[in-house]
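Written below as structure tokens is the structure these notes are about.
The values are calculated or read from the model by the stated rules, or taken from the named source; none is laboratory data. Computed from a predicted structure; not experimentally measured. Cβ: placed from backbone, ideal geometry, glycine included. Neighbour counts: every protein chain shown.
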Amino acid sequence: MATNVAIFCGSDDPEHAFPPFMLGAGALASDMEVTMFFTMSGLNLIRKGGAEKIQLDGAPKSLPEFIKALQEGGAKMIACSAAFPIAKVTEEDLIDGVEMGGVATFLFAAEEADIVLTF
């Protein structure tokens, strides 16, 4: 059974936005299963056009490149529907390949995970 990693992405600040993707890519490269849960301003990372606006000098890839690599590698990306009204996000605002889930969705993923990372 593969190691399961749950990553909580709660910020669009570049110094908090990039590490989940860097660690997620590393986990996939290590044959781990990755679930990423986006909430609050972290929803901007998976909003259409949102990742393109977030830059971090010296990062090995852009956020859109990381997102593509993680999706192609099989990472599950879940948007917190409970935070949609707060972040003024709708399902239609999100990039393709993102699932919807609530608080219980993350709690279940965290309970099942071997590793839980929060940003």
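Within the stretch 5-20, track down each residue that is within 19 Å of Met100 (Cα to Cα) and in a helix (DSSP H, G or I). Spell out how you get there, then give the answer.
Step one: filter the stretch 5-20 for residues within 19 Å of Met100 (Cα to Cα), giving 5-12, 20.
If the condition is that a residue be within 19 Å of Met100 (Cα to Cα) and in a helix (DSSP H, G or I), then Pro20 is the only one that fits.
So, in the stretch 75-96, how many residues would count as being in contact with a strand residue (DSSP E or B) (Cβ under 7 Å, 6 or more places away or on another chain), within 14 Å of Leu43 (Cα to Cα) and part of a loop (DSSP other than H, G, I, E, B)?
Going through the stretch 75-96 one residue at a time, the tally reaches 1.
Does Ala59 fit the bill of being under 25 Å from Ser30 (Cβ atoms), surrounded by 15 or more Cβ atoms within 10 Å (Cβ to Cβ) and within 12 Å of the chain's Cα centre (by Cα)?
Values: under 25 Å from Ser30 (Cβ atoms): yes; surrounded by 15 or more Cβ atoms within 10 Å (Cβ to Cβ): yes; within 12 Å of the chain's Cα centre (by Cα): no.
Answer is no for this residue.
Across the stretch 31-46, what is the number of residues that are in contact with a strand residue (DSSP E or B) (Cβ under 6 Å, 6 or more places away or on another chain) and either hydroxyl-bearing (Ser, Thr, Tyr) or not in a helix (DSSP H, G or I) (or both)?
Qualifying residue count for the region: 8.
Would you check which residues across the stretch 47-74 are more than 16 Å from Ala6 (Cβ to Cβ), part of a helix (DSSP H, G or I) and of a type in the set (A, V, I, L, M) and list them?
Ala51, Leu63, Ile67, Ala69
Pick out the one residue from Leu117, Leu94 that is surrounded by 15 or more Cβ atoms within 10 Å (Cβ to Cβ), within 14 Å of the chain's Cα centre (by Cα) and free of Cβ contacts under 8 Å to residues at least 60 places away in the same chain. Walk me through it before giving the result.
Numbers: Leu117 fails: free of Cβ contacts under 8 Å to residues at least 60 places away in the same chain.
One residue alone meets the criteria, Leu94.
Can you find, within the stretch 97-114, the residue that is farthest from Gly42 (Cα to Cα) among those that are in a loop (DSSP other than H, G, I, E, B) and at pLDDT 95 or above?
Taking the stretch 97-114 as the starting set, the residues that turn out to be in a loop (DSSP other than H, G, I, E, B) are 97, 102, 113-114.
Within this subset, residues satisfying the condition of being at pLDDT 95 or above are 97, 113-114.
Working: Gly97: 16, Ala113: 20, Asp114: 23 Å.
Per the stated criteria, the residue is Asp114.
Within the stretch 22-40, is there a residue that is in contact with a Gly (Cβ under 6 Å, 6 or more places away or on another chain), among the hydrophobic types (A, V, I, L, M, F, W, C) and surrounded by fewer than 21 Cβ atoms within 10 Å (Cβ to Cβ)?
There is at least one residue in the stretch 22-40 that is in contact with a Gly (Cβ under 6 Å, 6 or more places away or on another chain), among the hydrophobic types (A, V, I, L, M, F, W, C) and surrounded by fewer than 21 Cβ atoms within 10 Å (Cβ to Cβ).
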